[in-house]
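No value in this document is a laboratory result; all are computed from the given coordinates. Quick caveat: nothing in here was measured; it's all calculated off a predicted structure. Neighbour counts are summed over all protein chains in view; Cβ atoms, including those assigned to glycine, are modelled from backbone coordinates with ideal geometry.
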Amino acid sequence: MKKVQKIQGWALFIILLIIGLLMVYPMIWMLVSSVKSANEILNQPLQLIPRSFHFDNFTNALKAAPFMQWLWNSAWTTVVIVFMQLFFSSLIAYALTQFKFMGRNVLFAIILATYMLPSATTYIPSYVILGKMHLINSLIGLVISNLANVFVIFLLRQSFMSVPKGIIEAARSDGASEWTILWQIVVPMNKNAVLNATLIGFITNFNGYLWPSLLLNDTKKQVISVGLNSFSNTQGAFDQTFPIIMAGTTIAVVPLIIVYVILQKYFVQSSKTSSIKG
């Protein structure tokens, strides 16, 4: 019996290893291609390990387009958006879980219903509103239009529901304000969920393309996803500029890799906690 279980364990390990390699291979190929020459990338048969490393591809990419400006635009707008989404979502989630008022469940149902709408349906009214506020082609407009996130509200609300009512009542009996209870008790007790929402929010907003491409027209105000697309479309002969495009793509994904490495253990912990609670 133990031998059969051991064989099954090894078989599962090998299957998962193969799936993992297939998933990570495109990123490895991108990283390797960013330091190859154009001729080497197109050679047949394909070789993963380059014969020589062309790190000047990164220098050429930085000279050809304002990647650092695009990264800065994406970084600060994403950080502000995620912070504001967590702030407002925490307030709403706390109200939905700790206050009793008429229409609470109806309000939550309406919030969830908006999550079912395709995001594209909000683009026209959002564009009109921002136009009246004179925030078209503005990074501030991009931030303002992303202050609320229904998924984060739902995630935090579900997590806040696990806080024992006795702890909340005890804090109120000791004279703690609702503001203090939220930020010093409820949020710290749900740290994994908050960090989970932070990671998901950062990746989602950093990779956002369609809405920023509609809102931002100035090249220097573009975010990295929009800038990278325009860069790849204006480089001329694809077979000659492909290494530079791969170098630019590598530059674009570095912040995501850094954030994921920092927060991935919290993401795993939160997933485990959610599965146990479920």
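Side notes on the structure shown:
- Full extension of the segment from LEU107 to ASN233, taken as 0.36 nm per residue of separation minus the current Cα-Cα distance, would add 40.9 nm.
- Each label was represented as a point 7 Å from its Cα along the Cα-to-Cβ direction; for LEU17 and ILE257 these points are 2.3 nm apart.
- Ordering of 210-216, 100-106, 124-130, 135-141 by packing [mean C-beta count within 10 Å, highest first]: 210-216, 135-141, 124-130, 100-106
- With a Förster radius of 35 Å applied to the C-beta separation of LYS165 and MET30, the computed FRET efficiency comes to 0.10.
- Cα centroids of the range 152-231 and the range 53-112: 7 Å apart.
- Full-stretch length increase - THR114, ILE49 - with 0.36 nm per residue and alpha-carbon distance subtracted: 18.6 nm
- If the segment from MET68 to ILE140 were pulled out straight at 0.36 nm per residue, it would be longer than the present Cα-Cα gap by 24.0 nm.
- Relative frequency of Cα-Cα separations exceeding 21 Å in the range 152-234, percent: 52
- Among PRO243, PRO188, PRO118, the largest mean-square fluctuation in a Gaussian network model of the chain, built with springs joining Cα atoms closer than 10 Å, belongs to PRO118.
- Once the Cα atoms are used to define both axes, helix 238-277 deviates from the longest principal axis of the chain by about 30 degrees.
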